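A.B. asks: Would you mind keeping the following structure in view while I ask a few things?
The values are calculated or read from the model by the stated rules, or taken from the named source; none is laboratory data. Not measured: the values here are computed from a predicted model. Every residue, glycine as well, gets a Cβ built from its backbone with ideal geometry; the counts of neighbours run over all protein chains shown.
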Amino acid sequence: MAHRTPSWLTSDHLTLLGLLAQIAAGASFVLARGHRGFLIAVIVCLALNWFGDSLDGTLARARHQERPRFGFYVDHIVDLFGAFALMLGLGVSGFLHWPVALAMLLAFMLLAAESYLATYTLARFQLSQGFFGPTEIRILLALGTLELLRSPYTTFLGRRFLLFDLGGIVASAVMFAMATATALRHTAELYRLEPLP
C-alpha cells in the first residue's frame with residue numbers, strides 16, 4: 001500500500017489525518033447525543049485514524065524518508081492529544097460517565113508513559129502487549145459503537161449499566177494491569193543491568 005501511495009501524499013499528511021480523524025471521532029460521539037446516526041461517523045473516523053496512524057511510518061520507511069526523533073515524538077504526542085479528544089467526546093456524549101472516561105484516559109496515559117520511559121532506558125519501544133495493542137482497541141471501540149446503535153445499555157449480573165461504562169471499567173483495569181506488569185518487568189531488567197554495588 002505504501003508503494004502505491006500518490007507522491008503528493010506524505011507521512012506528515014497521514015499523521016495529520018490520524019489526529020483529525022480521532023478528534024472527529026470524539027466530536028461525532030458528542031453529535032450522536034442528538035442523532036445516533038453520527039455513531040456511523042465515529043466508526044468511519046476510527047478507520048481513518050487507523051489508516052493514518054498505521055501507514056505514516058511505513059510510508060516514510062518505504063520512501064527512505066525516516067526521521068527517527070521527529071517521527072517518534074510527533075507520532076506519540078499526536079496519540080496523546082487524540083486520546084484526550086476521544087475521551088472528552090465520550091465524556092460529553094453521555095454514553096459513559098465522566099469518571100470512567102477519566103479512568104480510561106489516565107490508564108492509557110500511564111501505559112503510554114511506561115512505554116516511552118522503556119524506550120529511553122532500554123532502547124526498546126513496545127506499545128502493544130502480547131496480542132493487545134492500538135489496533136485491537138480501535139476494533140473493540142468500533143464494535144461497542146455499533147452496539148450503541150441498538151442500545152446504550154447492557155445488563156451484567158442482573159444490573160443495568162451503560163455499555164461503555166462497563167467496557168470502560170474493564171479496559172481501564174486491563175490497561176492498568178498491563179502497565180503495572182510491564183513496569184515491574186522493566187524495573188527488574190534494569191536492576192539486573194545496573195545492580196547496587
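A.B. asks: Taking Ala113, is it small (Gly, Ala, Ser) and surrounded by 15 or more Cβ atoms within 10 Å (Cβ to Cβ)?
C.D. replies: no
A.B. asks: I want to confirm something. Restricting to the range 48-76 and keeping residues that are touching a Lys or Arg at 6+ places or on another chain (Cβ under 8 Å) and modelled with pLDDT of 95 or more, which single residue is surrounded by the most Cβ atoms within 10 Å (Cβ to Cβ)?
C.D. replies: It comes out as Asn49.
A.B. asks: Can you name the residue in the range 1-51 that is outside any helix (DSSP H, G or I) and among the β-branched types (Val, Ile, Thr) and is also nearest to Ala85 (Cα to Cα) among such residues?
C.D. replies: Thr10
A.B. asks: What are the pairs with Cβ atoms under 9 angstrom where one residue, in the range 1-26, is of a type in the set (Val, Ile, Thr) and the other, located anywhere, is part of a loop (DSSP other than H, G, I, E, B)? Sequence gap at least six, or different chains.
C.D. replies: Cβ pairs passing all conditions: Thr5/Arg63; Thr10/Arg63; Thr10/Gln65.
A.B. asks: Filter the range 77-102 for residues that are surrounded by fewer than 16 Cβ atoms within 10 Å (Cβ to Cβ) and within 13 Å of the chain's Cα centre (by Cα) and give the result.
C.D. replies: Scanning the range 77-102 gives Ile77, Leu80, Phe81.
A.B. asks: OK, next. In the range 163-192, which residue that is of a type in the set (D, E, K, R) and more than 15 Å from Leu117 (Cα to Cα) is surrounded by the fewest Cβ atoms within 10 Å (Cβ to Cβ)?
C.D. replies: Among those that are of a type in the set (D, E, K, R) and more than 15 Å from Leu117 (Cα to Cα), it is Arg192.
A.B. asks: Given the structure, is Leu148 of a type in the set (A, V, I, L, M, F, W, C), surrounded by 13 or more Cβ atoms within 10 Å (Cβ to Cβ) and under 11 Å from the mean Cα position of the chain (by Cα)?
C.D. replies: Here the answer is no, as Leu148 does not meet what is asked.
A.B. asks: Filter the range 139-188 for residues that are outside any strand (DSSP E or B), in contact with a helix residue (DSSP H, G or I) (Cβ under 7 Å, 6 or more places away or on another chain) and not aliphatic (A, V, I, L, M) and give the result.
C.D. replies: Gly144, Thr145, Glu147, Pro152, Phe164, Asp165, Gly167, Gly168, Ser172, Phe176, Thr182, His186
A.B. asks: Quick one: Leu111 ticks every box in (1) assigned to a loop (DSSP other than H, G, I, E, B); (2) closer than 26 Å to Leu48 by Cβ except a single one, so which number is it?
C.D. replies: Evaluating Leu111 over (1) assigned to a loop (DSSP other than H, G, I, E, B); (2) closer than 26 Å to Leu48 by Cβ leaves (1) as the failure.
A.B. asks: Still on this structure: Of the residues in the range 149-183, how many are closer than 19 Å to Val44 by Cβ and at pLDDT below 95?
C.D. replies: Total satisfying the criteria: 2.
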